[in-house]
Amino acid sequence: LLLRWRRRRALWRKVAEAQERQERSLVRMEAAARRFREQNPSVNVVSILSLPLPELSKKLRDGSLPLDHVFYAYVGKALQIATETNCITEFLQESETQLRKAKQMGKQGLLYGVPVSIKDSIDCQGHDSTLGFIKNLNKPAAEDSVVVQVLRRQGAIPFVKTNVPQSLISYDCKNLIFGQTCNPLLYTRSPGGSSGGEGALVGGGGSILGIGTDVGGSLRFPAAFCGICALKPTGNRLRYSMNALLWSLAVAAAVGPMAKDVESLALCLRALLSEDMFSLDSTVPPLPFNEEVYSSTKPLRIGYYETDFFTMPSPAMRRAVRETKQLLEEAGHTLVPFELTNVDYVIFNFCVRGMFADGGTSFVKKFKGEMEKGGMGLFFWLAKSPHWLKTVLSWISKPFVSWTPKESISRQLWDSTSTPLTTSAFPPQDFCHQFIAQWRKLNLDVMLCPMLGPALGIGYPGKLSVAVSYTMLYNALDFPAGVVPVTLVTDEDEEELKSYKGYYRDWWDRTLVKAFRGSVGMPVAVQCVALPWQEELCLRFMKEVETL
């Protein structure tokens with residue numbers, strides 16, 4: 001007991017030191033922003049912050065807007081949003097040095113002088129990538145990740161790192177080190193996750209461009225919840241180091257941009273899909289941004305569905321798809337119903353079992369020594385229990401419980417913690433080929449899909465992990481998928497929610513209704529999907545939806 005008490009005290013000391021560093025970062029940001037305002041009282045910060053990224057970057061490159069005016073305008077705004085939402089974990093002090101050097105640079109990249117925020121899990125030299133784990137504190141990265149190196153070569157200035165949930169396995173945003181991040185649009189709502197700090201900062205206007213990651217919707221949830229745009233590319237289109245993750249995945253991890261509009265995402269992708277990326281990482285296919293596809297005006301043949309028949313959409317989600325479909329048809333595009341099947345099979349076999357294919361051993365190992373396990377306490381107890389005990393518990397409970405498909409997933413997750421699986425347990429290629437075959441049969445260009453929303457109340461994502469079905473599908477398939485906000489929750493949506501029962505009328509469905517309630521005025525998005533390696537077509541479709 002004494003040894004355990006001493007160990008916990010040492011962990012709390014590390015947490016306190018990290019929180020002090022976070023506080024010092026915010027103090028430095030405040031001092032820097034105040035000093036700039038005192039020296040430049042005539043600078044119109046509001047007009048700078050109102051510029052969209054393409055226009056801002058053009059003004060920075062042609063010299064009509066000074067770099068320091070833009071940088072410190074965003075430092076000040078980021079500080080305000082961080083104070084309101086707790087989204088920033090660290091101010092990158094070297095950004096001020098990079099700013100001074102950028103003024104003397106001969107070469108000006110596409111993102112010259114643009115302040116960029118970076119998700120905690122993406123390595124920046126000299127800074128921790130904690131993933132919300134105490135054990136990862138005081139272990140600064142030896143070098144920048146490839147995506148950060150490319151950003152710097154393109155002239156961008158990474159200036160803050162942002163908060164994540166512990167382990168990244170959540171679409172909320174809370175950990176024991178830095179605490180809970182709130183939604184900038186409504187503080188009682190989750191900002192989404194795991195790129196929740198990015199969503200809050202970009203959604204609140206404190207960053208014009210954010211870089212996050214996506215394993216099951218980690219870019220798309222924050223974008224949808226905070227009313228911004230995001231793109232999850234094909235897994236290997238932009239390389240993301242798997243070292244930061246907790247397990248070998250049966251789904252593709254991706255790194256991608258978040259911004260207020262689609263054109264900003266396209267500009268970021270142009271900068272990243274450059275010779276800088278291809279020379280730094282030879283595993284990335286040398287496919288530069290295809291301007292012809294992105295700028296095409298040819299009418300599209302678009303598949304669509306309103307539900308995955310696993311998680312019943314909220315009234316606002318269904319309305320968002322229907323209204324977008326109607327606008328697309330009126331604009332001359334062809335909309336074709338797409339029949340979606342076996343989503344529960346995909347979620348379990350490719351995602352859940354893929355994560356815990358070794359019986360949960362590596363997952364539990366990553367949490368060893370941590371003081372908090374989030375909402376996974378029961379799972380940890382099961383994973384560490386002897387095989388005979390899990391078998392007995394499973395056998396005892398079977399006659400007394402009627403399992404819905406969602407409960408079956410939980411039960412099979414229980415069983416999967418006891419026995420390592422072979423790769424034949426989740427054959428993603430077969431499902432992928434069947435999905436593409438239906439896509440080809442309908443001769444589709446892109447797909448319009450629902451996106452979970454509006455933002456759930458804080459704490460609810462941890463209880464509703466099954467609701468990732470709309471996003472996780474496209475990680476399992478490794479299709480590029482983007483999110484575009486299209487509407488706001490209305491009083492009529494809220495009234496319709498009273499009759500929401502869900503498909504299975506189980507505990508998850510009842511909890512989801514509670515999580516949706518009280519959301520009038522919150523944004524609701526749709527997903528735009530294309531086939532693998534067709535990010536430009538996906539962006540072109542997103543731009544069309546955004547414009548309409």
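The values are calculated or read from the model by the stated rules, or taken from the named source; none is laboratory data. Keep in mind that what you see is a predicted model, and the values were worked out from it rather than measured. Backbone-built Cβ (ideal geometry, glycine too); neighbour counts: all protein chains shown. Please note that ligands, DNA and RNA were not included when accessible areas were found on the heavy atoms of the full protein model with its side chains. Shrake-Rupley method; radii C 1.70, N 1.55, O 1.52, S 1.80 Å.
Using just the helices of the chain, give the 222 nm mean residue ellipticity in deg cm²/dmol: DSSP H runs with n ≥ 4 each add -39,500 (n - 2.57), and the total is spread over all residues, rounded to 500. List each step's numbers first, then the result.
Details: 22 runs with 236 residues, N = 548.
Calculated at 222 nm, the ellipticity per residue is -13000 deg cm²/dmol.
What size of dipole, in debye to the nearest 20, comes out for the chain about its Cα centre when the only charges are +1 on Lys and Arg C-beta atoms and -1 on Asp and Glu C-beta atoms?
On the way: 62 positive and 54 negative charges, 390 e Å.
Value, rounded to 20: 1880 debye.
According to a simple spin-label model (label point 7 Å from Cα along Cα-to-Cβ), what is the distance in nm between Arg24 and Lys501?
Spacing of the two 7 Å Cα→Cβ label points: 5.9 nm.
Students often get this wrong, so try it: which of [x] 1.07; [y] 1.03; [z] 0.96 is Rg/Rh (Cα atoms, Kirkwood Rh) as calculated from the structure shown?
[z]
Taking amide H positions as placed 1.01 Å from N in the peptide plane, with prolines and chain starts having none, which residues 5 or more places from Thr162, or on another chain, fall under 5 Å of its amide H?
For Thr162, the qualifying residues are Thr89, Ile118, Lys119, Asp120.
How much length, in nm to one decimal, is gained on full extension between Arg7 and Thr97, taken as 0.36 nm per residue of separation minus their Cα-Cα distance? Let's see the in-between values first.
Numbers: separation 90, 0.36 × 90 = 32.40 nm, distance 3.84 nm.
Residue separation times 0.36 nm, minus the Cα-Cα distance, leaves 28.6 nm.
Per the 1.4 Å probe, what fraction of the accessible area of segment 266-344, in percent, lies on carbon and sulfur atoms? Let's see the in-between values first.
Details: 1800 of 3560 Å².
Of all accessible area on segment 266-344, carbon and sulfur atoms account for 51 percent.
Scanning the chain for helices, which whole DSSP H stretches are 24 Å or more long along the axis (Cα) and average -0.5 or more by Kyte-Doolittle? Intermediate values should be presented prior to the final figure.
Details: long enough: 2-39 (55 Å, -1.30); 67-85 (27 Å, 0.35).
Taking the DSSP H segments of the chain (at least 24 Å long, mean hydropathy at least -0.5), we get 67-85.
Please report the net charge: other residues with Cβ closer than 14 Å to the Cβ of Pro184, K and R +1, D and E -1. The partial results should precede the final answer.
On the way: positive: Lys77, Arg189, Lys260; negative: Glu84, Glu198.
Summing Lys/Arg as +1 and Asp/Glu as -1 gives +1.
Please list 3J(HN,Hα) in residue order for segment 166-178, calculated via the Karplus relation 6.51 cos²θ - 1.76 cosθ + 1.60 where θ = phi - 60°; whole Hz, with x for glycine and proline.
Values per residue, Gly and Pro as x: 4, 6, 6, 8, 6, 9, 9, 8, 8, 8, 6, 7, 9 Hz.
Return an integer: the convex hull volume of the alpha-carbon atoms of segment 10-283, in Å³ per residue.
On the way: hull volume 31.6 nm³, N = 274.
About 115 Å³ per residue, rounded to a whole number.
Report the calculated FRET efficiency for Asn44 and Met105 (r = Cβ-Cβ distance, R0 = 22 Å), to the nearest 0.05. Mind showing how you got there, number by number?
Details: r = 25 Å, r/R0 = 1.15.
Taking R0 as 22 Å, the efficiency between Asn44 and Met105 is 0.30.
Would you mind getting the accessible area per residue of the chain, heavy atoms of the protein chains only, 1.4 Å probe, in Å²? Walk me through the numbers on the way to the answer.
Numbers: 22090 Å² over 548 residues.
Computed with neighbouring chains in place, this is 40 Å² per residue.
Express as a percent, rounded to the nearest 5, the fraction of DSSP beta bridges in the chain (both residues included) that run antiparallel. Mind dumping the intermediate values first?
Values: 28 of 43 bridges.
Antiparallel bridges: around 65 percent, rounded to the nearest 5.
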